[in-house]
Amino acid sequence: MDFDGNLLILDGDPARRAQIETIAGFLGISWQSGSEADCLAYLADSNEMTAVIVGDVSTVSLPKLLMDYPKTPFIGINLDVEYSNSNMMGSVRVPFELDDFTQQMRYCQSFYALHPRKKGGSGSETLLRLLVGQGSAIQEVRHLIEQVAVTDANVLILGESGTGKEVVARSVHELSSRSKGPFVPINCGAIPPDLLESELFGHEKGAFTGAISSRKGRFEMAESGTIFLDEIGDMPMPMQVKLLRVLQERCFERVGGTKPVKVNVRVIAATHRHLEEMIADGRFREDLYYRLNVFPIETPPLRDRTDDIPLLLQELTNRHALVHHVNIRFTQRAMASLMQHSWPGNVRELSNLVERLMILHPNCIVDDVDLPAKYRYGPGGAAPKPQENSPQAERDAIIAMFADGGDPAPDAEPQASVASLSTGDAAASSESGAFAQVLPDDGINLKDMLADLEINMIRQALDKVGGVTARAAELLGMRRTTLVEKMKKYGIVARDL
């Protein structure tokens, strides 16, 4: 399980505590445990636990713990009583089930990541920190955010994938009067349709198979804060109807429940889809669209704000440096080359590129020649075409590898060096730089023959350079990474692999 955080095991039952420690260790979760006094002291000192599992405690009640640490998510053991506190995630049952335990830990991690902690800075400072750039497009977005943040109006954020729609939503939340409440995002397209209702509105105990206890949904978790419905265009039609009711009446019912639950949340939605076209096609409700689209904000694609790339590079480099503990700098040529790219993946693509370069060139100065091929642009403004790895390209490369040294005539057919070569003949023919061109009457297995030729030439190249793959790749006219992949494919071992 990918759990980024710490687990505190607060239980007076040593045997049960040992079981939880074993499960946490198996899942790769960092945990703390010990006597009740030690655990309570640890919790008071850190107040930053990602999850706390509470069993038998004698010196303090569970309701008091929940009230004393409202920003810490708790999980009970064998709870039969439902707690109204939003930081009580649920209960695990003994004997422990791995799936149930894992799901509860995911709830805790989501709560911890979403709940606000350290706040500070003026509104303008917050916007400058979250929305990097000085161009007119990003300044217009900042202006719209400042206008709508002071209201409670629903916001619809439009834009391509990777343009920072969630960053805009967080900025609206940070500058609003709800900033002290939680910011709860949910990707409507990433959750299966049959689970989305439970995820949004919660469920009652016994509502469906596996619902061993009641659980709050994202709307209840966002009480007095903001809920961010990302990729709202991917929400199924039945859920659109239920969401419309929540927007109109500000109340809902949990799955399997009959009691209305009132909520006080601000709704921000986002999508990369064209909702008006979806309405025309009958795939999105028009009444829901107008409920959401009270105040639209469109995030500009990176290709329309290339002047912001130097500032974005600086910000992204600083962020990734905190993770990788290395740094890089870009030359003017590298920046100029990156500013000519079209960036179909927008800021997310730029962020991924910066992280890749930090891994490839730690603590170095990155020039334009160090950029991946598709990001290198010459004086003419066209990037060189990346090397193809298609079957046709590989076949052409092999033909060129074994062709004789003379240049073919302009109209001559390529010499398809795939004649009747046995494995033994391939070695002899390759030494002379040419091989037979007569197809046997009974035919050949072209795929096996080309593989034999590749293996033979790779081994010869490695022998010539003492097993150094980088130099062997130069002799074979291919990239080192391509050569390494072929060596892995054929089981060829060199000393620098």
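The values are calculated or read from the model by the stated rules, or taken from the named source; none is laboratory data. From a predicted model like this one, the values you see are computed outputs, not experimental measurements. Here the Cβ is made from the backbone with ideal geometry for all residues, glycine too, and neighbour counts use every protein chain on show. Ligands, DNA and RNA are stripped out before the accessible areas are found, and what is left, the full protein with its side chains, is counted by its heavy atoms. Shrake-Rupley method; radii C 1.70, N 1.55, O 1.52, S 1.80 Å.
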Could you list which residues have their amide H under 5 Å from that of residue 297, counting only those 5 or more apart in sequence or on another chain, with H placed in the peptide plane?
156, 157, 158
Simple spin-label model, 7 Å along Cα-to-Cβ: residue 253 to residue 278 in nm?
2.7 nm
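Under the 0.36 nm per residue contour assumption, what length would be gained going from the current alpha-carbon distance of residue 146 and residue 180 to full extension? All intermediate terms of the calculation are to be shown ahead of the outcome.
Values: separation 34, 0.36 × 34 = 12.24 nm, distance 1.73 nm.
Extending this stretch completely gives an extra 10.5 nm.
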What lysines does residue 165 reach when the alpha-carbon gap must be under 29 Å and sequence neighbours fewer than 8 apart in one chain are set aside?
71, 118, 119, 180, 216, 242, 262, 374
In nm, spacing of pseudo-spin labels at residue 293 and residue 18 (7 Å Cα→C-beta vector):
6.3 nm
Cα to Cα, under 28 Å, and not fewer than 8 places away if on the same chain: which lysines meet these conditions relative to residue 447?
385, 464, 486, 488, 489
Taking the simple approach of a point 7 Å from Cα along Cα-to-Cβ for both residue 307 and residue 190, what is their distance in nm?
3.4 nm
For segment 247-380, just the Cα set please: Rg and Dmax, both in angstrom.
22.0, 68
Subtracting the Cα-Cα distance of residue 327 and residue 356 from 0.36 nm times their residue separation yields 9.3 nm
List every residue whose amide H lies under 5 Å from the amide H of residue 8, counting only residues 5 or more places away in sequence or on a different chain, with H placed 1.01 Å from N in the peptide plane.
32, 51, 52, 53
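How would you rank 163-176, 208-221, highest first, on the average number of other Cβ atoms within 10 Å across their residues?
On the way: 163-176: 22.4, 208-221: 18.4.
Result, highest mean Cβ count within 10 Å first: 163-176, 208-221.
Applying 1/(1 + (r/R0)^6) with R0 = 30 Å to the Cβ-Cβ distance of residue 364 and residue 489, what FRET efficiency is obtained, to the nearest 0.05?
Details: r = 31 Å, r/R0 = 1.04.
Approximately 0.45, to the nearest 0.05.
Can you tell me how much longer the chain between residue 439 and residue 319 gets when fully stretched, taken as 0.36 nm per residue apart minus their C-alpha distance, in nm with one decimal?
37.2 nm
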Could you give the accessible area per residue of segment 256-321, probe 1.4 Å, as a whole number in Å²?
53 Å²
Place the peptides 297-305, 237-245 in order of packing, highest mean first, counting for every residue the other Cβ atoms within 10 Å and averaging per peptide.
297-305, 237-245
For segment 128-229, shape from the Cα gyration tensor axes a ≥ b ≥ c, cut at a/c of 1.5 then a/b versus b/c, turns out prolate
Hypothetical label at residue 61: residues of segment 17-40 whose amide nitrogen lies under 17 Å (7 Å Cα-Cβ projection):
none
